[in-house]
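One structure below.
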Amino acid sequence: MGFLTTVIKKEQFNPGVLGIFTNPFYFSRRGLFRAMRDLGAELSGRMLDIGCGTKPYEPYLSVKEYVGVEIDTERSRTTSKADVFYDGTRIPFDDSSFDSVLANEVFEHVFNPGEFLTEVNRVLKLNGKFLLTVPFVWDEHEQPYDYARYTSFGLVHILGQYGFEVVRHTKSVADTRVIFQMINEYIYKKTYVTNPVIRQVLNTILIAPWTCVGILLSSILPSNPDLYLDNIILVRKVRHA
């Protein structure tokens, strides 16, 4: 039981070969990891991770200081590795406190995006960099706190309104793997059980075959930049909001 838990945890955010058989979100997580490893190299100095959770990408970011913040709930107090907790409105730091900011799979949970981006702009230094990952094709999750999906154009527009300029913008998993990730997500939710051993057996039997088919077909069929799992966008603060 302990060994199984260790393997699953290791493959959760940086899935390798074992992740094909243990991680129902293999395509999404592998795409996000690659993006974080690539664009995350642009983050430096004192960095704020908003909605940091367990800080899964901390080992892969070469920043001078890594500060994690989470909304203050009983769950986040128990499960996250946040350094600071807040009320979800005003980020509890002074103006221009950070050289860089990260928000990984957080923006879709923000009900007032303008207020959120104003706060990010406020705590970020001028010319500081802000990295967001935001789902485009994904089912509703963490209900009822799932508020929006953004196209690539929508993200560029709203970030520009609040003082940010795009440095790099990529789309994660823009091929047939999108379809198979959705199939896997459907199976996962419909077969979910609380027992972790049974859940993992079901994942391996029911989900892993679809993952393998998705890997094969994505190597044969053309990509489609209009259908993808996540927006990965790195911006720079060019003016105060």
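No lab work stands behind these numbers, since they all come straight from the coordinates. Keep in mind that this is a model prediction, so the values were computed, not measured. Here the Cβ is made from the backbone with ideal geometry for all residues, glycine too, and neighbour counts use every protein chain on show.
Observations
- In the set (1) in contact with a strand residue (DSSP E or B) (Cβ under 6 Å, 6 or more places away or on another chain); (2) among the hydroxyl-bearing types (Ser, Thr, Tyr); (3) over 26 Å from Gly31 (Cβ atoms), the condition left unmet by Ser80 is number (3).
- Matching residues, the stretch 115-158, being among the hydroxyl-bearing types (Ser, Thr, Tyr) and out of contact with any strand residue (DSSP E or B) (no Cβ under 7 Å at 6 or more places or on another chain): Thr118, Tyr145, Tyr147, Thr151
- Applying the set (1) surrounded by 14 or more Cβ atoms within 10 Å (Cβ to Cβ); (2) small (Gly, Ala, Ser); (3) closer than 21 Å to His109 by Cβ to Gly214 leaves exactly one unmet item: (3).
- Meeting the requirement of 2 or more residues that are surrounded by fewer than 16 Cβ atoms within 10 Å (Cβ to Cβ) and on the phi < 0 side of the Ramachandran plot, the helices (runs of 4 or more DSSP H) wholly within the stretch 1-109 are 2-13, 26-39, 74-79.
- Annotation note: Cβ proximity below 6 Å between a residue of the stretch 220-241 that is part of a loop (DSSP other than H, G, I, E, B) and a residue that is of a type in the set (Ser, Thr, Tyr) (sequence gap 6+ or interchain) occurs for Leu221/Thr176; Leu229/Ser28; Leu229/Ser172; Ala241/Thr118; Ala241/Tyr162.
- Scanning the stretch 111-148 for residues being assigned to a loop (DSSP other than H, G, I, E, B), free of Cβ contacts under 8 Å to residues at least 40 places away in the same chain and crowded, with 19+ Cβ neighbours inside 10 Å gives a total of 0.
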